[in-house]
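*Asks:* Sending over a structure as structure tokens; questions will come in a sec.
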Amino acid sequence: MEIQSETLTDEELATITGYKIPSFQRQWLMTNHWEFVLTGAQRPVVGRIYARLKLAGVKPTASSAVAETWTLDLARVG
């Protein structure tokens, strides 16, 4: 099984935005209210979990970006 990067690949970003040119990708991301950061080469970088939430129609927040919240319960260990 291939491990996916925490960020979208160039191909995935091009598929979502419909553009291969970074300046057009940035414009599309801004127009559609997507959060992203820029590399030193001014290429947009989008987080994978963030993209999944946006594509699912969920407003990404700090709490919705966590897959599962759990705590260690040792009460039954004896």
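The values are calculated or read from the model by the stated rules, or taken from the named source; none is laboratory data. This structure is a prediction, so every number in the text was calculated from the model and none was measured. All Cβ positions, glycine included, derive from the backbone under ideal geometry; neighbour counts span all protein chains shown.
*Asks:* Looking at the range 30-37, is at least one residue touching a Leu at 6+ places or on another chain (Cβ under 7 Å) and either in a helix (DSSP H, G or I) or on the phi < 0 side of the Ramachandran plot (or both)? It would help to see each step written out before you state the result.
*Replies:* Applying the first criterion (touching a Leu at 6+ places or on another chain (Cβ under 7 Å)) to the range 30-37 yields 36.
Narrowing the set further to residues that are either in a helix (DSSP H, G or I) or on the phi < 0 side of the Ramachandran plot (or both) leaves 36.
Yes: one or more hits.
*Asks:* Quick test of your reading of the structure: residue 17 fulfils all but one of (1) surrounded by 10 or more Cβ atoms within 10 Å (Cβ to Cβ); (2) of a type in the set (Ser, Thr, Tyr); (3) more than 15 Å from the chain's Cα centre (by Cα). Name the failing condition by number.
*Replies:* The single condition residue 17 does not satisfy is (3).
*Asks:* Please specify each residue of the range 1-12 satisfying the condition of being among the aliphatic types (A, V, I, L, M) and either in contact with a strand residue (DSSP E or B) (Cβ under 7 Å, 6 or more places away or on another chain) or in contact (Cβ under 8 Å) with a residue 40 or more places away in the chain (or both).
*Replies:* Going through the range 1-12, the residues among the aliphatic types (A, V, I, L, M) turn out to be 1, 3, 8.
Passing the criteria: only 8.
*Asks:* Would you check if there is a residue in the range 16-28 being part of a loop (DSSP other than H, G, I, E, B) and modelled with pLDDT under 85? Don't jump to the end; show me each part of the working.
*Replies:* Filtering the range 16-28 down to residues part of a loop (DSSP other than H, G, I, E, B) leaves 18-21.
Imposing the further condition that a residue be modelled with pLDDT under 85 reduces the set to none.
No: the range 16-28 contains no residue that is part of a loop (DSSP other than H, G, I, E, B) and modelled with pLDDT under 85.
*Asks:* Would you mention how many residues in the range 32-60 are free of Cβ contacts under 8 Å to residues at least 12 places away in the same chain, farther than 15 Å from residue 13 by Cα and either exposed (fewer than 10 other Cβ atoms within 10 Å of the Cβ) or of a type outside the set (A, V, I, L, M) (or both)?
*Replies:* Residues of the range 32-60 that are free of Cβ contacts under 8 Å to residues at least 12 places away in the same chain, as a first pass: 32-33, 36-37, 39-40, 52, 56-59.
Now restrict to residues that are farther than 15 Å from residue 13 by Cα: 40, 56-59.
Filter once more, keeping what is either exposed (fewer than 10 other Cβ atoms within 10 Å of the Cβ) or of a type outside the set (A, V, I, L, M) (or both): 40, 56-57, 59.
The number of residues fulfilling the criteria is 4.
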